[in-house]
Amino acid sequence: MSADVAPEVSVPDVIAGVEPVQSVRTPIRLDYTYVPGRSLTAYLKAMKDKRILGGVCPETGQVAVPPRGVSPLAGKVTEELVEVADHGHIMSFCVTHIPLPGREDLKPPFVAAWVRPEGASIGFIGLITGIEPDECRIGMRVRAVWKPDEELEESAENIPSWEPTGEPDVPENEVRV
Amino acid sequence: MADELLSAPMTIEYPFTRTTGPVIGAFLTGLREGVVLGIKRADGSVVCPPTEYDPETGDALTEMVELTDTGHVMSWTWSGEVREHQPFDRPYALALIQIDGADTAMLHGVDVDGPEAMSTGMRVKARWRSEREGHIRDIACFEPEVTP
């Protein structure tokens with residue numbers, strides 16, 4: 001390190017000849033209990049039956065998925081839940097070229113996309129599989145790849161990924177509504 | 001809604017590794033070797049645990065000095081509720097300990113039976129771990145100094 005950045009530090013003889021410590025592990029960990037609330041509880045329970053629920057805004061009629069109990073735009077409580085399709089289209093996507101710690105099953109490059117299921121007004125995030133990353137495009141129609149029935153749980157992980165349906169793309173002017 | 005709410009255990013964890021730099025690194029090297037180091041300010045007073053900068057003027061500090069592993073309790077609080085990831089599996093005192101020869105205090109645990117065994121000004125001595133790696137926990141805790 002150059003002298004004008006940090007001056008030399010002098011150490012007592014007792015540690016002068018030994019291998020210096022240069023790093024320290026400082027892990028941070030938080031264990032907690034997550035309670036998803038009424039709307040997300042209903043959403044997760046429906047997931048077990050391979051159904052995707054959205055919350056209907058009483059003011060605008062927009063359907064938010066997943067339902068979080070309040071509409072994102074009007075800020076109204078969403079009492080009504082509706083089922084949306086398990087197919088839709090890609091609103092935007094990102095190709096990731098670096099591995100994700102803790103997700104060794106994802107081999108880069110992989111595609112994370114904002115998928116809008118039919119019947120929903122907004123999208124949510126999902127993995128895109130069954131296609132080369134450079135073939136992925138906005139407006140592409142995709143359908144949910146569900147886990148095998150015997151592995152279904154009350155979990156969003158029931159849809160590990162989405163894959164292209166092969167149908168014609170959603171027209172550009174309808175991709176974002 | 002009469003339906004029972006879901007709940008699930010969650011854990012969030014970040015496996016940080018922090019680079020220590022020449023001053024904190026020397027302090028941790030000292031702990032691994034079983035000695036406590038401080039750093040000297042321009043007026044001759046000693047900061048322990050050492051800082052890279054003078055806490056008042058911000059000037060760079062460079063002269064590390066060897067101290068003892070004894071000191072006294074400047075202030076303390078009783079930690080009566082046992083939680084995970086604490087230094088002890090039993091209640092203990094969390095104390096600001098001024099190492100002999102230092103002018104500032106370090107935070108560490110003191111292993112005593114109960115709060116009645118604690119007092120401000122009491123003499124304490126470090127209890128070292130037998131296997132040390134260059135971490136503040138190389139000092140397992142402090143304990144009341146036994147005077148011969």
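Before moving on, here are some points about what is shown:
- Summary of the geometry: segment B:58-78 and segment A:13-39, compared by the centres of their Cα atoms, lie 23 Å apart.
- Principal semi-axes in Å for chain A [√(5λ), Cα gyration tensor, largest first]: 44, 23, 18
- In order through segment A:29-41: 3J(HN,Hα) via Karplus (6.51 cos²θ - 1.76 cosθ + 1.60), integer Hz, x for Gly, Pro: 9, 10, 9, 8, 10, 9, 10, x, x, 5, 5, 5, 4
- Here is the list for segment B:21-130: GluC sites (Glu not before Pro) lying in DSSP coil, each with at most 13 other C-beta atoms within 10 angstrom of its C-beta, are B:E56, B:E81, B:E84.
- P(r) histogram, all alpha-carbon pairs of the protein assembly as shown included - 20 Å bins from 0, percent: 23, 33, 30, 14, 0
- Average Cα contact separation per residue, chain B, under 8 Å, 6 or more apart, as relative contact order %: 21 percent
- Summed over qualifying helices (DSSP H, 4 residues or more, each -39500 (n - 2.57)) and divided by its residue number, chain A shows a 222 nm mean residue ellipticity of -2500 deg cm²/dmol.
- Dividing the radius of gyration of the alpha carbons in segment B:21-144 by their Kirkwood radius gives 0.99 for Rg/Rh.
- Acute angle (nearest 10 degrees) that the helix B:21-33 long axis makes with the longest principal axis of chain B, alpha-carbon atoms: 90 degrees
- Nearest-20 debye value, segment B:53-148 charge dipole, Cβ charges on Lys, Arg, Asp, Glu: 360 debye
- Every helix of 4 or more DSSP H residues in chain B counts as -39500 (n - 2.57), and over all residues that averages to -3000 deg cm²/dmol at 222 nm.
- Residue-wise HN-Hα coupling along segment B:133-146, computed from phi with Karplus coefficients 6.51, -1.76, 1.60 (Hz; x: Gly, Pro): 10, x, 8, 4, 7, 4, 8, 4, 4, 9, 9, x, 6, 8
Read-outs throughout are calculated quantities, based only on the coordinates presented, and are distinct from any laboratory measurement. None of the values given here were measured: they were computed from a predicted structure. Reconstructed Cβ throughout: ideal geometry from the backbone, glycine too, with neighbour counts over all protein chains shown.
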